[in-house]
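Everything on this sheet refers to the single structure shown next.
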Ligand code: FES
């Protein structure tokens, strides 16, 4: 859980092998939206997928976070030094 009332110092996360600055508390899905990264994974059919529900139900927002596949981007808060991968082999099934 994160205390969204406290102002935080901006921090960096690694998104698809590029370090980006997170200015305020946000989920990984919000970060992806803010960086215009609108594909969290690729389905078996080859279609790209992205967050639909934003509340942990649809499972379309699965990404790899710190080498842990199938993390729900809409439910995970960004943390300093976090490594986020979208659309990779680990996130495609
Ligand atoms: S957007 Fe639906 S589970 Fe994350």
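The values are calculated or read from the model by the stated rules, or taken from the named source; none is laboratory data. This is a predicted model, so every value here is computed, not measured. All Cβ positions, glycine included, derive from the backbone under ideal geometry; neighbour counts span all protein chains shown.
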Query raised in the report: Does the range 46-64 contain any residue that is more than 13 Å from the ligand (Cβ to nearest atom), at pLDDT 95 or above and surrounded by 16 or more Cβ atoms within 10 Å (Cβ to Cβ)?
Result: yes
Query - Residue in the range 7-17 that is within 15 Å of residue 87 (Cα to Cα), touching a helix residue (DSSP H, G or I) at 6+ places or on another chain (Cβ under 9 Å) and at pLDDT below 95 present - result: no
Report task. Within the range 72-89, identify whether any single residue is modelled with pLDDT under 95, part of a helix (DSSP H, G or I), touching a strand residue (DSSP E or B) at 6+ places or on another chain (Cβ under 9 Å) and buried (at least 17 other Cβ atoms within 10 Å of the Cβ), and answer yes or no. Result -> no
Requested in this report: Looking only at the range 78-92, decide whether some residue is near the ligand (Cβ under 9 Å from one of its atoms) and either over 12 Å from the mean Cα position of the chain (by Cα) or over 13 Å from residue 16 (Cβ atoms) (or both).
Outcome: no
